[in-house]
Amino acid sequence: SDVYKRQGINAEYGDQRGAGQSTPASCLIKNTTWDLVADIELIRERLKIDKWVVFGGSWGSTLSLAYAQTHTDRVKALVLRGIFTLRRSELEFFYQGRGANHIWPDAWEKYIEVIPEVERADIMSAYHRRLTGDDEEEKLKCAKAWSTWEMATCKLEQSKEALEKGDEADFALKFARIECHYFVNGGFFTHDGQLLDNAAKLNGKFPITIVQGRYDCVCPATTAWELQKQLPDAEFYMELAGHSASEPAIRSRLLDATDKYASL
């Protein structure tokens, strides 16, 4: 990512369980938030890094907060973008017709058309049954519909490249199966709102930058606003942008934050 290359920052990446180059592909066994937090910590230990700057956007912000709350003494700074804490209200805003559908009605129709009307009282569960079922044709159709819904809504203006990505079979199956798995299981948290409830313990421990798109339809800005109230010492930016890290206002703030924390 050019966010890191500009400063020659040593950035460590890892494909989470079941995603990217991780094998087995889209596997949901032993795949929870806390498994991933343990994996991140294992990477730090294997690389013999004492402390590091933790950077995450969207689902990455969820993992970053979970990691920082679990391994606070291993974090030098926290950079968060497109804040998502996996509360039920956030999920319903985007996946259950409680908000984003009013802004993207055309894309919403394509998302729900693969689910029979009788099952739409709980769309995520209906998708989960199909994404974990034995009908491979139905599984792929639903994976593409799920993924394309997010790709269609992640920027202020729709991106042709993002829409095409959502229709790629390999990407869609991994993306949709893993997301839906986490969502129907409430992120494997002990209670709804756990990350926000525990956020204040991070205040003053290390520098924190929060960057949020005002018109983010995937991760609505209310969560970022509530997070910054728990972290009054954090730098907080609400930008004229949607969800994607590639949008100019978001990207600029992320570059500024990584430049600043590069010398820590």
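For beta carbons closer than 9 Å, sequence separation of 6+ or different chains, a first residue in segment 188-208 that is under 11 Å from Ala234 (Cα atoms) and a second that is modelled with pLDDT under 95 and not in a helix (DSSP H, G or I), the qualifying pairs are Phe206/Leu264; Pro207/Leu264.
Table: residues versus (1) closer than 17 Å to Leu131 by Cα; (2) modelled with pLDDT of 95 or more; (3) over 15 Å from the mean Cα position of the chain (by Cα).
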site: Asp167; (1), (2), (3): yes, yes, yes
site: Leu173; (1), (2), (3): yes, yes, yes
site: Glu179; (1), (2), (3): yes, yes, no
site: Phe183; (1), (2), (3): yes, yes, no
site: Leu195; (1), (2), (3): no, yes, no
site: Asn203; (1), (2), (3): no, yes, yes
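Restricting segment 29-78 to residues that are assigned to a helix (DSSP H, G or I), open to solvent by 30 Å² or more (accessible area, probe 1.4 Å) and not hydrophobic (A, V, I, L, M, F, W, C) leaves a set whose member that is nearest to Lys260 (Cα to Cα) is Arg74. Among the numbered conditions (1) crowded, with 18+ Cβ neighbours inside 10 Å; (2) part of a loop (DSSP other than H, G, I, E, B); (3) in contact with a strand residue (DSSP E or B) (Cβ under 8 Å, 6 or more places away or on another chain), the only one that Lys205 does not meet is (1).
For segment 79-111, which residues satisfy the criterion of being assigned to a helix (DSSP H, G or I) and surrounded by 17 or more Cβ atoms within 10 Å (Cβ to Cβ)? Result: Glu90, Leu91, Phe93, Phe94, Tyr95, Ala100, Asn101, Ala107, Trp108, Tyr111. Look at (1) open to solvent by 50 Å² or more (accessible area, probe 1.4 Å); (2) among the acidic types (Asp, Glu); (3) under 16 Å from Cys180 (Cα atoms) and you find that Glu150 fails only one, number (1). Considering each residue of segment 95-125, count those that are touching a Lys or Arg at 6+ places or on another chain (Cβ under 7 Å) and either of a type in the set (Gly, Ala, Ser) or within 12 Å of Cys180 (Cα to Cα) (or both), and give that number. Total meeting the criteria: 0. Could you check, for segment 215-236, whether at least one of its residues is in a strand (DSSP E or B) and under 30 Å from Asp106 (Cα atoms)? Within segment 215-236, not a single residue is in a strand (DSSP E or B) and under 30 Å from Asp106 (Cα atoms).
The values are calculated or read from the model by the stated rules, or taken from the named source; none is laboratory data. The shown structure was predicted, so the numbers you read here are calculated from the model rather than taken from an experiment. Quick reminder, even Gly has a Cβ in these numbers, built from the backbone with ideal geometry, and neighbours come from all protein chains shown. Surface areas here come from the heavy atoms of the whole protein model, side chains and all, with no ligands, DNA or RNA. Shrake-Rupley method; radii C 1.70, N 1.55, O 1.52, S 1.80 Å.
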